[in-house]
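> The structure is given below, and queries will be raised subsequently.
The values are calculated or read from the model by the stated rules, or taken from the named source; none is laboratory data. Small disclaimer: the values here were computed from a predicted structure and weren't measured. As a convention, Cβ positions derive from the backbone with ideal geometry for all residues, glycine included, and neighbour counts pool all protein chains shown.
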Amino acid sequence: MKLLLTQTIDKIGIVGEVIDASEGYARNYLLPKKLAIQPTEGNIKRLEVAKLDYEKKLRDLREQKEKLLEKLTGAEITVIRNANDEGHLFGSVSKRDIADELVKLGFAIEADDVRLDEPLRRIDTYKVPVHLAGDLKTEIKVWIVRDKSEAAAAEQKAAAAADAVAESAGAEEEAPA
């Protein structure tokens, strides 16, 4: 069934575009929600202006993303997390965490722009891809470091344990004498 879109629908088409939709999808979803109408000459002319406006908006958005990509190329962020002695994080670093850190640095990034196959779970340095659009891609460097206050507390515990072992070894040497 041929329909004229009145709104842009992801993966279907943009406003003012004539699409070929299945009967059920058209009757049960597009037409009742007024997302599409019959493609008559009057409707096509009426939505032509909306289509031009939308295409201009897409061009402007593309230019903004290209500028953001230039700024983002070579960016590095540091994420501080609690971890055990072997470097395994208590929790993980997700694409949402990376996007939040980038937003703090002034980049207008959504979590869906950050591409991670799985969350990061170790202290290390990672190259994380960022896709702003189909062909606008870059990589950023993500440093995951251990929380300094936790590291200092762990070192104090280790030092206290070493002192306790040394004292007990010293007490054992004195006892037989």
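> In the range 138-150, what count of residues is obtained for those that are of a type in the set (D, E, K, R), in a strand (DSSP E or B) and more than 13 Å from the chain's Cα centre (by Cα)?
Residues in the range 138-150 being of a type in the set (D, E, K, R), in a strand (DSSP E or B) and more than 13 Å from the chain's Cα centre (by Cα): 2 in total.
> Every residue in the range 36-90 that is at pLDDT below 90, of a type in the set (Ser, Thr, Tyr) and not in a loop (DSSP other than H, G, I, E, B), please.
Result: Tyr54, single match.
> Moving on to the next point. Quick one: which of Glu48, Glu17 is more than 19 Å from Leu136 (Cα to Cα), buried (at least 16 other Cβ atoms within 10 Å of the Cβ) and not aliphatic (A, V, I, L, M)?
Of Glu48, Glu17, the one residue that is more than 19 Å from Leu136 (Cα to Cα), buried (at least 16 other Cβ atoms within 10 Å of the Cβ) and not aliphatic (A, V, I, L, M) is Glu17.
> Among the residues of the range 94-123, which ones are out of contact with any helix residue (DSSP H, G or I) (no Cβ under 6 Å at 6 or more places or on another chain) and β-branched (Val, Ile, Thr)?
Correct list: Ile98, Val103, Ile123.
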